[in-house]
Amino acid sequence: MTRPRISVVIPTHNGAATLGVCLDSLRASSRPPDEIIVVDDASSDGSAESARQFGCRVVRLAENVGAARAKNRGAAVVTGEIIFFTDDDVIVSRDCLARVAEDFDDPRVDGVVGLLDRQIPFDDFASHFKNLWMRFTYERLPRERIGLFYTSIAAMRREVFQRLGGFDENYRGASIAEDTEFGQRAWAAGHLIRLDPRVVVTHCKRYTLREVLVTDFLRARALMLMRLRKWGRRFYTSVPRFYQLAVPVILAALGLLMAGAAMSNWLLVIGSLALLFTFYVLFSPWLGYLARERGARFALGAALFQPADVIVVGFGMFVAVLEFARGRRY
């Protein structure tokens, strides 16, 4: 049986600081890629030169078009039967591509998605919180037929990707939801995407607490707009059910607390505390996971931060509803 060629597509915009490490890891793979295409999305930091030093094919874009278009431009020129998408701040594990190739030996499989490693090369709270949340939510998903295509670590048969029309180019700027929307379409069309926990990468992205909140607001807003746009059709989400329930619970708790304080009504305040208790009961699987992974002190910090994050997510959803009513769709 002829081994299918694997083409790696990496979009980058001023990612020279981490791109070299990413390319090093790909070259060190036990199953090296057959080609690496770096889409230089109008960088000004020498990203293209760095990619050429590694022998990559560089697609240079004259203007910054955003992640969706950049990935499509790369996918348009691949020669391999398998397109493997990753980011310029990702370190691919040694056996990652070998595992992907094994998955595609199964003719039923149209796409493969992996997991983020538990460890990252930073020691700050915000980066670990965000990285572990991404791993926690994805590793809870079933292994077969998921509606998720997370392009920090995702692969698709080229002919399937082309048949689906690639990423929706209505999404502009940095990657927020275009890969999620693509996963939705692939799933709705009946394509089998497999989640393989053996396929692992390290995401070298550092966050501040403010950046976590901004990212979660933008993602909640984008996903809510997507959900409204697809209203009445089947919708796949990787967001745990407890999180979906926690959003109205924490917003109700905040509303009761504000009303109770304004009216000096202790019954309302007690009601808000009861809802807050419910909120933490809902989040107990996540907080327990953090305690096991990073210890009780880290989990306590997450417990203190979590209400703010969920309130921001709820606000993002509310903004999306208002914008959709005014005609916004993306």
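Of all GluC sites (Glu not before Pro) in region 1-107, which ones are in loop regions per DSSP and have a Cβ with at most 11 other Cβ atoms within 10 Å?
Loop-located and lightly packed - Glu63.
Would you mind ranking Cys22, Cys204 so that the residue whose beta carbon has the fewest other beta carbons within 10 Å leads the list?
Ascending number of Cβ neighbours within 10 Å: Cys204, Cys22.
If we restrict to alpha carbons, what Rg and Dmax does region 114-189 come to, in Å?
Both quantities, over Cα of region 114-189: 14.2, 42 Å.
Could you derive backbone 3J(HN,Hα) for region 202-216 from the dihedral phi with the Karplus parameters 6.51, -1.76 and 1.60 (θ = phi - 60°), listing whole Hz in sequence and x where the residue is Gly or Pro?
9, 8, 8, 10, 9, 10, 9, 4, 4, 5, 4, 5, 5, 4, 5
Hey, could you get me the Stokes-Einstein D for region 208-330, Kirkwood radius over alpha-carbon pairs, 4 °C and 1.567 mPa s, rounded to whole µm² s⁻¹?
Translational D for this selection: 82 µm²/s.
Take region 40-99, drop everything but the C-alpha atoms, weight them equally and run the Debye formula without solvent; then report log10 I(q)/I(0) at 0.25, 0.27, 0.28 Å⁻¹ to two decimals.
These q points yield log10 I(q)/I(0) values of -1.32, -1.40, -1.42.
If each residue's Cβ is checked for other Cβ atoms within 10 Å, how do Trp266, Trp187 rank with the fewest at the top?
Trp266, Trp187
Please list, by residue number, every one of the trypsin sites (Lys or Arg not before Pro) in region 235-330 that is coil in DSSP and has at most 15 other beta-carbon atoms within 10 Å.
Arg326, Arg328, Arg329
Tell me, what does the Kirkwood hydrodynamic radius of region 205-276 come to in angstroms if you use every pair of distinct C-alpha atoms?
With all distinct Cα pairs of region 205-276 included, I get 14.7 Å.
Mind checking which lysines have their Cα closer than 29 Å to the Cα of Lys205? Skip sequence neighbours fewer than 8 apart in that chain.
Within reach: Lys71, Lys130.
With N set to the residue count of the chain, report its C-alpha Rg divided by 2.2 N^0.38 Å to two decimal places.
So the chain has a normalised radius of gyration of 1.05.
Counting only residues 5 or more places away or on other chains, whose amide H sits under 5 Å from the amide H of Val59 once H atoms are built in the peptide plane?
Counting only residues 5 or more places away or on other chains, the set is Val38, Val39, Asp40.
So for Phe125, Phe283, fewest C-beta neighbours within 10 Å to most, what's the order?
Phe125, Phe283
Using θ = phi - 60° and the Karplus form 6.51 cos²θ - 1.76 cosθ + 1.60, what ³J(HN,Hα) does each residue of region 91-108 get, whole Hz, x for Gly and Pro?
Each residue of region 91-108 in turn: 9, 7, 5, 4, 9, 4, 5, 5, 5, 4, 4, 4, 4, 7, 5, 7, x, 6 Hz.
Each value in this text was obtained by applying a stated rule to the coordinates, not by laboratory testing. Please read these numbers as outputs of a predicted model, since none were measured by experiment. Counting neighbours? That spans all protein chains shown, and the Cβs are built from the backbone with ideal geometry, glycine included.
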